[in-house]
1. I need every pair where a residue in the stretch 74-91 that is in a helix (DSSP H, G or I) has its Cβ under 6 Å from the Cβ of a residue that is of a type in the set (D, E, K, R), sequence separation at least 6 or different chains.
2. Collect the residues in the stretch 158-178 that are part of a loop (DSSP other than H, G, I, E, B) and of a type in the set (Asp, Glu), keeping them in residue-number order.
3. Please verify whether ALA155 is modelled with pLDDT of 85 or more and in a helix (DSSP H, G or I), treating the condition exactly as stated.
4. Taking the stretch 35-48 on its own, how many of its residues are surrounded by fewer than 18 Cβ atoms within 10 Å (Cβ to Cβ) and under 22 Å from the mean Cα position of the chain (by Cα)?
5. Would you mind finding the one in VAL246, VAL187 that is at pLDDT 70 or above and either buried (at least 16 other Cβ atoms within 10 Å of the Cβ) or not in a loop (DSSP other than H, G, I, E, B) (or both)?
6. Among the residues that make up the stretch 164-172, is at least one of them farther than 21 Å from CYS216 by Cβ, buried (at least 18 other Cβ atoms within 10 Å of the Cβ) and either of a type in the set (Gly, Ala, Ser) or in contact (Cβ under 8 Å) with a residue 24 or more places away in the chain (or both)?
7. Looking at THR91, THR196, THR85, which one is surrounded by fewer than 20 Cβ atoms within 10 Å (Cβ to Cβ), at pLDDT below 90 and under 28 Å from GLU225 (Cα atoms)?
8. Quick one: PHE124 ticks every box in (1) at pLDDT 95 or above; (2) under 21 Å from GLY30 (Cα atoms); (3) crowded, with 20+ Cβ neighbours inside 10 Å except a single one, so which number is it?
Amino acid sequence: MKISQMVDEPTIPPAIGPANSEGIAIVEVGAKPVKYHVHKALLVFHSEYFRKALQGPWKEAHEGAVRLSDAGAAEFNVFVHWLYTQQLPLTSHMIAHISGDEREHASGLALVKAYALGDRLLAFGFRRAINNHVVGPYGGIAIAPRAYVPAVRWAFENIPCERPLLQFLVNDFCANWYAKHDNKDDVEALRQFPMTSIMRAMRRYSLAREDEGDGCFLEHATVAERRSCKHTHPEYTTGHDGYGYVGELDD
């Protein structure tokens, strides 16, 4: 994320008590709508999309209802949990429980979809929280290809190519995947790896010989925070046709 994209955001969300005075908004999620009743004050504070929809001269503002037919319940469940707690669960089991999708290894896909939802809703604090959770010490996605590939494939198809999260997913797989542990499902999943991620992985293995190091993949909230970080920040370059991060982010 380039420094020019960073903005200072309000840091103190409304308390639940005062938020009650602004009422409840209804959010209908999915092609077969699931209704959520959420404090309007929290939605408009954390999401520019909801701020405009619920406070502007629109039908949604008059009715107090917003339809998100292109979002999924799993990722919206994660968003609502974060709205009220400002935290993300540390374990994949808890992510699966909160998302409502408790299929084996579904938590990784829920996280990358939640990241994209943060973009969709212009909820940059939430998006940053998801990114920093995934790249942090407790938030990694299970490395088994049958779990990792669906998340990586969806991420590369739906998340902008310059985001550090994509390169982290490649680097993490390169560093931690052990082929000897694969079963038949893993082998089949590997055939579904998107070509753009394979190209990045090949470059990653090449650069590993130079002991480049992983650098920092956090999405910093402000320019000052980024500049105070002592690690190298990788920058996406189109010169490598969508598969390389090279060099340090310029100030």
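1. Here the result reads ALA74/ASP101; GLU75/LYS113, each pair linking the stretch 74-91 to a residue that is of a type in the set (D, E, K, R).
2. Answer for the stretch 158-178, where residues must be part of a loop (DSSP other than H, G, I, E, B) and of a type in the set (Asp, Glu): just GLU162.
3. Against the criterion (modelled with pLDDT of 85 or more and in a helix (DSSP H, G or I)), ALA155 qualifies.
4. Summing the residues that are surrounded by fewer than 18 Cβ atoms within 10 Å (Cβ to Cβ) and under 22 Å from the mean Cα position of the chain (by Cα) in the stretch 35-48 gives 1.
5. VAL187
6. The answer is no; no qualifying residue exists.
7. THR91
8. Going through (1) at pLDDT 95 or above; (2) under 21 Å from GLY30 (Cα atoms); (3) crowded, with 20+ Cβ neighbours inside 10 Å one by one, PHE124 breaks only (2).
The values are calculated or read from the model by the stated rules, or taken from the named source; none is laboratory data. Just so it is clear, the structure is predicted and the values come from calculations on it, not from any experiment. When we count neighbours, we look across all protein chains shown, and the Cβ atoms used for this are built from the backbone with ideal geometry, even at glycine.
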